[in-house]
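K.L.:
Quick one: the structure is below, and I'll ask about it shortly.
The values are calculated or read from the model by the stated rules, or taken from the named source; none is laboratory data. All values reported here derive from a predicted model rather than from experimental measurement. Because the Cβ atoms are built from the backbone with ideal geometry, glycine has one as well, and the counts that use them run over all protein chains shown.
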Amino acid sequence: MKIKKGVEEGRIKDFHLKEGVLWFKGRLCVLNVVELKNEVMKEAHKSTFTTHPRSIKIYHDLKTHF
């Protein structure tokens with residue numbers, strides 16, 4: 001919440017808000033909550049980012065967004 005407030009006040013530049021969601025240098029910010037991170041990973045694996053199970057493409061795809 002401190003970072004979000006700083007972004008809104010223009011004091012923090014590396015972060016930005018897009019539709020109320022906090023981003024850092026083009027990557028989605030996710031709270032450090034294990035259950036939330038697990039849910040994000042499950043959704044990512046079900047999405048169009050999904051590739052062959054042994055491929056590292058999904059890692060590179062996710063890395064660009066999260």
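K.L.:
Please go through the range 42-58 and give me each residue that is surrounded by 10 or more Cβ atoms within 10 Å (Cβ to Cβ) and modelled with pLDDT of 70 or more, ordered by number. Reasoning before the result, please.
P.N.:
Here is the first cut: in the range 42-58, the ones surrounded by 10 or more Cβ atoms within 10 Å (Cβ to Cβ) are 42-45, 47, 49-51, 55-58.
Listed by number, the residues that qualify are 42, 43, 44, 45.
K.L.:
Name every residue in the range 9-23 that is surrounded by 13 or more Cβ atoms within 10 Å (Cβ to Cβ), free of Cβ contacts under 8 Å to residues at least 12 places away in the same chain and assigned to a strand (DSSP E or B), in order of residue number.
P.N.:
Residues satisfying the conditions are 16, 23.
K.L.:
Considering the range 15-41 alone, what residues qualify as being at pLDDT 90 or above, among the β-branched types (Val, Ile, Thr) and more than 21 Å from residue 2 (Cβ to Cβ)?
P.N.:
Of everything in the range 15-41, just one residue is at pLDDT 90 or above, among the β-branched types (Val, Ile, Thr) and more than 21 Å from residue 2 (Cβ to Cβ), namely 34.
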